[in-house]
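The values are calculated or read from the model by the stated rules, or taken from the named source; none is laboratory data. Small disclaimer: the values here were computed from a predicted structure and weren't measured. As a convention, Cβ positions derive from the backbone with ideal geometry for all residues, glycine included, and neighbour counts pool all protein chains shown. The area values use the complete protein model at the heavy-atom level, side chains included, leaving out ligands, DNA and RNA. Shrake-Rupley method; radii C 1.70, N 1.55, O 1.52, S 1.80 Å.
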Amino acid sequence: MHFADSKFLPVRTGKSTTGARLATEEYVKGDMQMAKNKQEEYAKAPTAEELKGPKK
């Protein structure tokens, strides 16, 4: 595994999991458009800022 992968994969997994949860919450509320928007937003690859991690 490349060093960059060791940062990318956990961030991507967390982002996807968060997106799935938020999309499901909107789906349960009956807002299909918002569910679609959340799913698309969080399916994108992490940005350089997101890969830096939380600010200290």
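Okay, here's what the table says:
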item	result
Percent accessible area from carbon and sulfur atoms, the chain, protein chains only, probe 1.4 Å	60 percent
Hz values of 3J(HN,Hα) by residue in the range 38-54 - Karplus curve (6.51, -1.76, 1.60), Gly and Pro given as x	4, 4, 5, 4, 7, 7, 6, 4, x, 7, 4, 5, 5, 6, 5, x, x
Furthest towards positive pole of dipole, 8, 19, 37, structure part the chain, Cβ charges	8
Å² of accessible area per residue within the chain, as computed with a 1.4 Å probe and no ligands counted	81 Å²
Residue 32-residue 9 pseudo-label distance in nm [points 7 Å out on the Cα-to-Cβ vector]	3.7 nm
Dimensionless Rg ratio for the chain, taking C-alpha atoms and the 2.2 N^0.38 Å reference	1.30
Spatially near lysine pairs across the chain, Cα under 21 Å, sequence gap of 8 or more or different chains	14
